[in-house]
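Participant: Mind looking over this structure? Questions follow.
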C-alpha cells in the first residue's frame, strides 16, 4: 500500500491561486503572497486541533491522526490545505462521518454567518457529549480571536463517502465571543412550546403553557442556552408538534439589578411528550 492509499482526505480548502510560476524546464518558483493566507491557515489549524482533541477525548483507543499539509498543484497553480487522516484503514464509515461532521460544526461555530449550526445530519452523527465538547472548545477559541477579520474568502469542501461534497464559506470574520449575562434571582421551572431558536446567538424562544398544554400568553420569552445540546433539543421540539419543553430558567438582570427585557438563562432543558404532560406538575412561573 502506498502513501496515498494510507491517507484519507476529508476536506480541502483553497488558500490561493497562481501560487507558482514556471522558471524553466521542471523548475517552479513559489509565490508566497498567493500560497499563504494567515487567516485561512488559522482556521485550518484550529479545525485540526479540535478534531485531534475530540479523538483523544472520545476515541483514545483508535490510533489515528489528523493533519493538514500545504499542497500546490503545479499545473493549476492552486495552493490548498488538505485536512486528512491516517492511517486510512482504521477509519470506519461511521468514524469518517463523525470526523466530517466535527469539521463542519467546528467551522460553522468559528466563522460568523457560516450557515446554521445544527443541520439534521450533524445531529444524527454526533452525541450530546461530543456536541457540548465542541461547543465549549469553540467558545474558548472565539474569546481568543475576538472577532478577528478574515482577509481573503475561501470555501471549505467536505468529501463524503457517497461522493457528495458540501461547501462551507469562510469569509468575513471569526464569530464574536459569547457574552452571556451573569445569573441573578432564583431558578424557576416552566413548561413551554418551542417558538423558534437562533443558533448563532445561542437563543431559544419559549411560549409558556399550562399543565394541560394550553398557551398562557401569545408572546414568547427569550432564553439564552449555555450548551449546544439545548439548541438541538429546542429545534427537535420546534419541529415535533407532539413535544413540549420543560426548562429550568433564571431571570437575567442588568448591573443595576433591574430586569433585562424579560430574558432568561437556561440552566436545564428536556423534551416532554404531550402524553406525559400531566406528570410534570404545575407551572411555577
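Participant: Among what's in the stretch 48-71 and is assigned to a helix (DSSP H, G or I) and touching a strand residue (DSSP E or B) at 6+ places or on another chain (Cβ under 6 Å), pick the residue that is surrounded by the most Cβ atoms within 10 Å (Cβ to Cβ). Show your work before the answer.
Facilitator: Residues of the stretch 48-71 that are assigned to a helix (DSSP H, G or I), as a first pass: 48-58.
Going one step further and asking which of them are touching a strand residue (DSSP E or B) at 6+ places or on another chain (Cβ under 6 Å), we end up with 48, 51-52.
Values: 48: 20, 51: 25, 52: 15.
Ranking the candidates gives 51 first.
Participant: Restricting to the stretch 72-90, name every residue that is in contact with a strand residue (DSSP E or B) (Cβ under 6 Å, 6 or more places away or on another chain) and over 30 Å from residue 173 (Cβ atoms).
Facilitator: 74, 88
Participant: Another question, then. Answer yes or no: is there a residue in the stretch 72-83 that is more than 19 Å from the chain's Cα centre (by Cα) and loosely packed, with under 11 Cβ neighbours inside 10 Å.
Facilitator: Checking the stretch 72-83: at least one residue is more than 19 Å from the chain's Cα centre (by Cα) and loosely packed, with under 11 Cβ neighbours inside 10 Å.
Participant: Name the residue that is nearest to residue 103 (Cα to Cα), counting only residues in the stretch 145-170 that are surrounded by fewer than 12 Cβ atoms within 10 Å (Cβ to Cβ) and touching a residue at least 24 places away in the same chain (Cβ under 8 Å).
Facilitator: By that ranking, first place goes to 161.
Participant: So which of 49, 6 ends up being closer than 25 Å to residue 160 by Cβ and within 27 Å of the chain's Cα centre (by Cα)?
Facilitator: Of the residues listed, the single one that is closer than 25 Å to residue 160 by Cβ and within 27 Å of the chain's Cα centre (by Cα) is 49.
Participant: Residue by residue through the stretch 156-166, note down the ones that are in contact with a strand residue (DSSP E or B) (Cβ under 8 Å, 6 or more places away or on another chain) and either at pLDDT 85 or above or in a loop (DSSP other than H, G, I, E, B) (or both).
Facilitator: Result: 156, 157, 158, 160.
Participant: Please verify whether residue 232 is out of contact with any strand residue (DSSP E or B) (no Cβ under 8 Å at 6 or more places or on another chain), modelled with pLDDT of 85 or more and within 27 Å of residue 106 (Cα to Cα), treating the condition exactly as stated.
Facilitator: The answer is yes for residue 232.
Participant: From (1) in contact with a strand residue (DSSP E or B) (Cβ under 9 Å, 6 or more places away or on another chain); (2) on the phi < 0 side of the Ramachandran plot, pick out the condition that doesn't hold for residue 93.
Facilitator: (1)
Participant: Going by the conditions given, is residue 109 in contact with a helix residue (DSSP H, G or I) (Cβ under 6 Å, 6 or more places away or on another chain), farther than 14 Å from residue 8 by Cα and not in a strand (DSSP E or B)? Spell out the reasoning first.
Facilitator: Working: in contact with a helix residue (DSSP H, G or I) (Cβ under 6 Å, 6 or more places away or on another chain): yes; farther than 14 Å from residue 8 by Cα: yes; not in a strand (DSSP E or B): yes.
Yes.
The values are calculated or read from the model by the stated rules, or taken from the named source; none is laboratory data. Please read all numbers here as calculations on a predicted model, not as lab measurements. In this analysis, Cβ positions are derived from the backbone assuming ideal geometry, glycine residues included, and neighbour counts consider all displayed protein chains.
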